[in-house]
Amino acid sequence: MSLTAPAREPGTTSGPAPDAPAPDERLLKTSPLRRLLGRPELGSVVGALAVFLFFAVIADSFLRASSLSTVLYAASTIGIMAVPVALLMIGGEFDLSAGVMVTSSALISSMVSYQMTANVWVGVGVSLLVTLAFGLFNGVLLTRTKLPSFIITLGTFLMLTGMNLGFTKLISGTVSTKSISDMEGFASARALFASQLTLGGVTVKVTILWWLALVAVATWILLRTRAGNWIFAVGGNEDAARAVGVPVSKTKIGLYMGVAFAAWVSGQHLLLSYDVVQSGEGVGNELIYIIAAVIGGCLITGGYGSAVGSAVGALIFGMTSKGIVFAEWNPDWFKFFLGAMLLLATLLNAWVRKRAEATS
């Protein structure tokens, strides 16, 4: 009795069956712990909880509803700017003009409205266009000259600082703007940029809503859109991103204009909250925005970070600045604590990232 081999389809060859293909690593399941360790804002969340518990124990008034409202307001005024600054840092760049740009936006809105005797919304609109032009200038100059963003935005910082003072004294005769509170449109503009709500007996400033909205939009852009992939790619390796077709120049220009938009929002809040603006305000705030982003997990080298992390960094700033007051400490020590938090947060973020890479 002879055995015959099973018939094969024409054109096939004999031999051992091929091994099964290896599964795509992108389809492998990742444990919740590993995903948690991979989040850039993990270190800042741990730090925020530590700061909250610390001041909750030290300062009796810290947990009052009115105190928490004050903390959130302080955090929101920083957080509105920290969000686009974080996106810019993820894209591998800096903006040292962000602080004075806020003041420039407020000055333009006030002086245009007052000098033209126009509706306040005219000044608000002109301010938006001019402030976006500042961001466009930074982005175009960066992409055309290939100079470091530190140099370009430092130059813009100095120019805006001089323009703020020079134009204000030239037009108003003093270092501050004239009052526009009696002009048409002031009340409606104030409702949008500087009003407050009462929720459950707690006063909530509208800047908190602006802040949360910006965090939500920025997170959606980073995690759910092609532009978010471009931002991470440009910050991680600009040459490699350009080689695979990422519009590097447009991405960076868009990031700088995002910072300008947030500066416009903050500037209108500054003006409509206090009615007048001092031309020398805003100097030094750009460092606070960068600190909030770094505490939130953004790397100085770019390509890593999150909008949520920047929000947590701003919250830590708000809790520290107001917690020191509630604890009745000498506020002269505030900068010391801010610097210590920056160092500790950076070390913690580096440790968390190494742990995440080791478990991946």
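In this simple spin-label model, placing a label point 7 Å from the Cα along the Cα-to-Cβ direction at both Leu209 and Phe167 gives a separation of 3.0 nm. Across all Cα atoms of the range 32-138, the radius of gyration (one decimal) and Dmax (whole number) stand at 19.6, 60 Å.
Between the Cα long axis of helix 285-295 and the first principal axis of the chain there is an angle of about 30°, rounded to the nearest 10.
For the chain, the Cβ-based charge dipole about the Cα centre amounts to some 460 debye (Lys, Arg positive; Asp, Glu negative; other atoms uncharged).
For Thr203, no residue has an amide H sitting under 5 Å from its own, ignoring neighbours fewer than 5 places away on the same chain, with H placed 1.01 Å from N.
Please compute the length gained on full extension between Lys178 and Ala327, using 0.36 nm multiplied by the number of residues separating them and subtracting their Cα-Cα distance.
Difference between extended and current length: 49.9 nm.
Relative to one another, the C-alpha centroids of the range 216-291 and the range 59-73 are positioned 30 Å apart. Put simply, the range 85-167 fits an ellipsoid with semi-axes of 27, 13, 10 Å; these come from the alpha carbon gyration tensor as the roots of five times its eigenvalues, largest first.
Backbone phi angles across the range 65-74, fed through the Karplus curve with coefficients 6.51, -1.76 and 1.60 (θ = phi - 60°), yield HN-Hα couplings of 4, 5, 5, 5, 5, 5, 4, 5, 5, 4 Hz in residue order; Gly and Pro are listed as x. For the range 112-122, the Karplus equation 6.51 cos²θ - 1.76 cosθ + 1.60, evaluated at θ = phi - 60°, returns couplings of 5, 5, 6, 5, 8, 6, 10, 4, 4, 5, 5 Hz by residue, with Gly and Pro reported as x.
Against the chain, whose longest principal axis comes from its Cα atoms, helix 226-236 is set at around 90 degrees. Maximal additional length on extending the Leu287-Leu129 stretch stands at 54.4 nm, based on 0.36 nm per residue less the C-alpha distance. Multiply the residue gap between Thr117 and Leu49 by 0.36 nm, knock off their C-alpha separation, and tell me the result in nm, one decimal place. Computed gain between Thr117 and Leu49 is 19.5 nm.
Residues whose amide H falls under 5 Å from that of Gly296, counting only those 5 or more places apart or on a different chain, are Gly313, with hydrogens built in the peptide plane.
Shown for the chain: the carbon plus sulfur share of the solvent-accessible area, taken with all protein chains present and a 1.4 angstrom probe, equals 66%.
Given a 1.4 angstrom probe, what's the average accessible area per residue across the range 42-350, in square angstrom?
44 Å²
In the chain, the longest principal axis of the Cα atoms and the axis of helix 248-274 are about 30 degrees apart. For the chain, the Kirkwood radius over C-alpha pairs fed into Stokes-Einstein at 37 °C and 0.692 mPa s yields D = 146 µm² per second.
The values are calculated or read from the model by the stated rules, or taken from the named source; none is laboratory data. Because the structure is a prediction, the values reported are computed rather than measured. Using ideal geometry, Cβ is built from the backbone for each residue, glycine included, and neighbour counts are taken over all protein chains shown. These accessible areas exclude ligands, DNA and RNA; they are computed on the full protein's heavy atoms, side chains included. Shrake-Rupley method; radii C 1.70, N 1.55, O 1.52, S 1.80 Å.
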